[in-house]
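The next block holds one structure in the form of structure tokens; read it before the comments.
The values are calculated or read from the model by the stated rules, or taken from the named source; none is laboratory data. Computed from a prediction, not measured in an experiment: that's the story for all the values here. Here the Cβ positions follow ideal geometry from the backbone for every residue, glycine too, while neighbour counts run over all protein chains shown. Note: accessible area is taken over every heavy atom of the protein model, side chains too, but ligands, DNA and RNA are not part of it. Shrake-Rupley method; radii C 1.70, N 1.55, O 1.52, S 1.80 Å.
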Amino acid sequence: MSYSRFEDALAKAVAERRIAGAVALVTDRDGAVYEHAHGARTAGQDVAMDAGTLFWIASMTKALVSVGALKLVEAGKLTLDEDLARLIPEFADLQVLDGVDADGKPKVRPARSPITLRRLLSHTSGFAYGFTSPDLLAWATATGAADPSSGSRAAHKQPLVFDPGQDYIYGIGIDWAGVVIEAASGQRLDAYLAEQVTGPLGMADTGFKLSPDQAARAASVHVRGPEGVMPIPFGLPPEPEVMPGGGGLYSTAADYGRFLRMLMGSGPQLLSEATMRELATLQTAPGVGGFKSALPGMSNDYDPYPGMPTGYGLATLITPDPTGDGRRGGSLTWAGLANTYYWADPVDGRGGVLMTQLLPFADPEVLELFKALERDAYGV
């Protein structure tokens with residue numbers, strides 16, 4: 001299989017300083033069949049990207065945390081549809097944004113339905129991000145509320161943008177799912193994931209904190225300046241009250257390939273066949289999954305498959321139809337804020353990962369690289 005189209009496009013993007021570098025991996029059910037690194041971990045420095053480079057995978061964390069939550073469902077410690085207020089006191093009196101008052105200030109009212117694990121995992125709980133909801137952004141600006149990225153638990157108790165179960169919006173639901181995991185398991189989220197998810201899969205380079213060795217292998221986050229990409233200061237709160245289950249993991253392409261093989265039904269299996277079928281079943285109305293960005297400096301608008309009836313399952317976005325670039329219908333996919341992307345195709349038994357570190361999200365050129373990787377992986 002030739003990956004020359006992808007490699008040529010990646011080399012051109014690096015040469016033109018559109019990205020600092022990237023690592024790509026394609027796997028079948030048995031193991032990695034292709035891995036390629038090109039460029040630098042940090043623009044302007046002579047340290048090359050390689051297979052050992054670690055990336056902040058941001059929202060690619062969500063699928064791992066979701067699988068962890070589903071393990072607790074199988075263990076009988078959680079159910080998908082119970083009212084989680086029994087475990088999470090903050091869920092007992094949640095408010096919903098309800099327009100603005102005469103002075104233009106946001107109004108709220110009590111939520112009319114409960115938060116459940118199914119709703120958290122499928123982004124139908126009403127919890128949003130400021131960059132996906134202008135209404136929530138306006139509320140935060142008006143109230144001076146702290147951002148959940150601060151790591152404080154109080155900052156996570158924000159108003160919902162609709163009643164739970166009534167719509168879809170991409171948001172902090174999986175961060176709350178991490179809090180639910182802690183309440184149900186009695187373990188801190190990092191310890192639970194290491195024991196129940198990343199450890200069994202052999203994902204030794206995946207975690208919320210970097211060891212000194214891992215920090216030395218980590219890529220910098222970049223933005224584009226007038227003369228090309230440049231690194232920016234980046235770091236997550238070192239001791240957050242709420243561990244960022246929605247976006248706090250670091251990982252490598254090889255480690256994430258191990259997780260993709262599990263999603264495709266090979267290697268160590270963390271969930272039963274019945275739960276895997278539920279994970280890969282649409283939980284939302286068809287035609288949702290992307291978002292309009294309220295903060296262009298953080299993310300571009302993102303609709304990976306316009307016109308396709310995509311939707312969220314219990315861990316990933318589901319593309320129910322063939323993509324036209326190789327993937328079969330029923331494939332699983334999602335991404336991370338710093339332009340990291342993956343797919344897992346359980347029908348064909350092929351998956352792929354593209355890791356970069358560039359803001360804002362949904363960069364058109366990186367998306368084209370991801371598409372080129374998929375096309376070469378399938379010989380399309």
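List of remarks:
- Here, the chain is characterised by an Rg to Rh ratio of 0.95, where Rg is the alpha-carbon radius of gyration and Rh the Kirkwood radius.
- In percent, rounded to a whole number, the relative contact order of the chain is 24, using alpha-carbon pairs under 8 Å and six or more apart.
- In loop segments of the stretch 74-146 as defined by DSSP, the trypsin sites (Lys or Arg not before Pro) with at most 16 further C-beta atoms inside 10 Å of their C-beta are Lys77, Arg112.
- Normalised per residue, the volume of the convex hull around the Cα set of the stretch 271-380 (Å³): 101
- Principal semi-axes of the equivalent ellipsoid, √(5λ) from the alpha carbon gyration tensor of the stretch 139-294, are 26, 25, 19 Å from largest down.
- Highest-fluctuation residue, Ser251, Ser211, Ser331 considered, GNM on the chain with Cα pairs under 10 Å: Ser211
- Average 1/r across all pairs of distinct alpha carbons in the stretch 49-103, invert it, and you get the Kirkwood radius: 15.3 Å.
- Amide hydrogen neighbours beyond the local backbone of Ser299, cut-off 5 Å, H modeled: Phe361
- Full-stretch length increase - Thr79, Arg153 - with 0.36 nm per residue and alpha-carbon distance subtracted: 24.3 nm
- Take the stretch 248-305 with all the other protein chains still there, run a 1.4 Å probe, and you get 41 Å² of accessible area per residue.
- Residues in the stretch 157-209 average 32 Å² of solvent-accessible surface per residue, probe 1.4 Å, ligands and nucleic acids excluded.
- If you bin all the Cα-Cα distances of the stretch 311-364 at 10 Å, starting from zero, the percentages per bin are 25, 49, 25, 1.
- Cα Rg, Dmax, the stretch 298-338, angstrom units: 10.8, 31
- Comparing mean-square fluctuations of Lys292, Lys105, Lys62 from a GNM of the chain with C-alpha springs under 10 Å, the top value falls on Lys105.
- Per-residue HN-Hα couplings for the stretch 263-275 [Karplus 6.51, -1.76, 1.60; θ = phi - 60°; Hz; x = Gly/Pro]: 4, 8, x, 10, x, x, 9, 8, 10, 5, 4, 5, 5
- Apportionment of accessible area to carbon and sulfur, the chain, percent (1.4 Å): 52
- Directionally averaged projected area (convex hull, Cα atoms, the stretch 1-92), nm²: 10.2
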